[in-house]
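Each remark here refers to the structure printed beneath this line.
The values are calculated or read from the model by the stated rules, or taken from the named source; none is laboratory data. What you are looking at is a predicted structure, and each value in this text was computed from that prediction instead of being measured. Heads up, the Cβs are rebuilt from the backbone with ideal geometry, glycines too, and the neighbour counts pull from every protein chain shown.
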Amino acid sequence: MNVLLTVVLVVQMISALGMIGLILVQHGKGADMGAAFGSGGSGSLFGASGSANFLSRTTAVLAAVFFVCTLMLAYFGNARPQTGASVLEGAAPTAPAPAASGAAQIPGTAAPASGAGAVTVPPAPAVPDAGQIPTK
């Protein structure tokens, strides 16, 4: 698959460079008028009107090759192996369970104070699993 992608990419680059060269070689519409009155264009390799047909058809063929290569690269770029599971279905890592009380979490204290002046902290509410998406 990797070799096929490389071949398609090379063909696309060659067709793009060929199109650039052919487009730069072509004359504009105003150059045809000068060739009709004996300008230097009529003594070219393809004749007065032969170069327009050859260059425009070759440009059209290279444009079609470029377009097909672009579509193939887009198709192969989006093709991924099917694993059967969605990214959203993957389980998110869960947080560690909270400690029993706030005083036990303070470093340097061995045990929570007990007695008349001790304040008890209620446990934190349970956190629902963040990896699950609620369904209707």
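Of all residues in region 1-48, count the ones that are modelled with pLDDT of 85 or more and small (Gly, Ala, Ser).
Qualifying residue count, region 1-48: 4.
Please name all residue pairs, on different chains or six or more residues apart, with Cβ atoms under 9 Å, provided the first residue is in region 1-18 and is touching a residue at least 40 places away in the same chain (Cβ under 8 Å) and the second residue is part of a helix (DSSP H, G or I) and polar (S, T, N, Q).
GLN12/THR70; GLY18/THR58; GLY18/THR59
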